[in-house]
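The values are calculated or read from the model by the stated rules, or taken from the named source; none is laboratory data. None of these values were measured; they are calculated from a predicted model. All Cβ positions, glycine included, derive from the backbone under ideal geometry; neighbour counts span all protein chains shown. All accessible areas refer to the heavy atoms of the entire protein, side chains included, with ligands and DNA or RNA removed. Shrake-Rupley method; radii C 1.70, N 1.55, O 1.52, S 1.80 Å.
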Amino acid sequence: MKTVSFWIENYCVPCSAHCRHCLLSSCGKATGVDYETGERFADRVMTELAQKRPELPTGYFIGYCMDTPKLRQYLKFRREHHLPGAGFLQMNGFAFRSDEELTALMADLAEEQVELLDLTFYGTEAYHDRFAGRPGDQAFLLRMLDAANRAGISVSVSIPIIRENMGQLSELRSLLDAHGAERCIYFLPNSKGRGKMMQDQRITLQEFEALPDFVRTNFIKTPNRTEAEWIRSGELSESGKRTLTLVLTPENLVRYGKMPAEEIVRELEDADDRFAEKLPSVQTLAEHYGRPDNEQLYRLRDLLLEWRQKYLEDLRKNGEDLYDMQDESHSFSIYL
């Protein structure tokens with residue numbers, strides 16, 4: 001397996017929302033290290049890797065959300081290191097602010113050369129607020145959208161499509177248009193984190209075809225097929241590439257803080273190799289867990305994720321607990 005990039009992630013900022021599909025299973029508190037420590041560590045590791053493994057792209061992120069007093073420092077750090085997406089910011093999960101505070105926030109972002117924000121909407125107001133886990137969330141996001149528009153910052157709206165919100169999409173789109181949303185992108189959520197509890201909400205091909213034209217036209221371009229189609233396609237193949245992400249915690253920083261950067265990368269590569277060696281082949285997973293008559297739509301990566309999750313559940317039932325490198329609540333890999 002070829003490692004094509006290496007990332008460091010520091011969950012040092014609590015998220016104020018509690019979304020049903022959170023891939024990080026956000027717990028309302030920070031689980032990473034303090035911001036300054038994380039930045040120093042990332043700077044050291046990225047500098048060493050630039051010298052020792054210049055062919056390996058590296059990067060640094062924070063989470064669970066971006067609502068930190070260190071935000072401008074973080075944006076400067078990303079810009080100075082020429083990291084991908086330095087002008088982009090995901091804005092979900094911020095603590096509520098007044099209009100004056102939002103205006104000041106957007107002015108700061110504009111000064112830091114942020115060009116594009118992303119906001120996620122789940123449906124009409126009452127449904128959205130229940131999904132996001134806090135009353136007033138949608139109204140706050142709309143005020144954030146208005147503030148971004150006033151500051152001249154572009155906003156991309158992300159909207160997950162599930163069975164529960166299909167009938168709300170036209171009303172939601174009218175609301176967003178009224179607030180000047182420039183672009184809406186629709187997507188199918190996956191089963192990482194709390195999304196694992198929503199597998200029954202995945203739409204079918206027939207349901208997709210019944211969606212309004214404005215949804216299907218702006219649907220994310222990654223190929224989606226039914227599980228039945230993927231199984232019949234003959235295109236189920238093993239991946240040869242991966243990205244690796246080290247998720248910092250106070251516990252692992254004690255050890256990683258003393259390790260050369262190359263050794264850190266090798267340790268994660270070895271952990272992922274052990275994980276991959278334990279996994280059955282894609283074809284075997286399809287034979288054991290595939291549903292040849294299932295009309296629910298999947299991106300291939302997300303379908304393989306579900307099959308592997310089912311395999312790991314069977315292992316646990318038999319008393320074997322395998323470290324899950326698909327789980328983004330700790331250090332993880334993504335197969336490309």
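What the table below lists for this structure:
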item: Per-bin percent of Cα-Cα distances, the stretch 102-147 [5 Å]; result: 5, 22, 25, 18, 13, 12, 5
item: Label zone at residue 241 (point 7 Å along Cα-to-Cβ), backbone N below 16 Å, the stretch 1-43; result: 1-7
item: Contour minus Cα-Cα distance for residue 206 and residue 76 (0.36 nm per residue); result: 42.2 nm
item: 5 angstrom amide H check on residue 161, placed H, neighbours 5+ away; result: 187, 188
item: Over 22 Å [Cα-Cα, the stretch 209-333], rounded percent; result: 50
item: Gained length - residue 177 relative to residue 314, 0.36 nm times residue gap less alpha-carbon distance; result: 44.7 nm
item: Computed [θ] at 222 nm, helices only, for the chain once each DSSP H run of length n ≥ 4 contributes -39500 (n - 2.57); result: -13000 deg cm²/dmol
item: Distant-in-sequence amide H partners of residue 33 (H built 1.01 Å from N, under 5 Å); result: 11
item: Inter-label distance for residue 291 and residue 322, nm, one decimal - labels placed 7 Å from Cα along Cα-to-Cβ; result: 2.2
item: DSSP-assigned coil residues among GluC sites (Glu not before Pro) in the stretch 203-282, each with at most 15 further Cβ atoms within 10 Å; result: 235, 238
item: Residue 127/residue 284 FRET efficiency (R0 51 Å; Cβ-Cβ; nearest 0.05); result: 0.80
item: Where labels lie 7 Å past Cα in the beta-carbon direction, separation of residue 187 and residue 44 in nm; result: 3.3
item: Calculated from backbone phi, Karplus (6.51, -1.76, 1.60) coupling profile of the stretch 108-117 in Hz, x at Gly/Pro; result: 4, 5, 4, 5, 8, 6, 6, 10, 9, 10
item: Probe 1.4 Å, all protein chains present, accessible-area order of 6, 88, largest first; result: 88, 6
item: Inter-site label distance for residue 36 and residue 97 at 7 Å from Cα along Cβ, in nm; result: 2.3
item: Centre separation in Å (Cα based) which lies between the stretch 184-246 and the stretch 150-183; result: 20
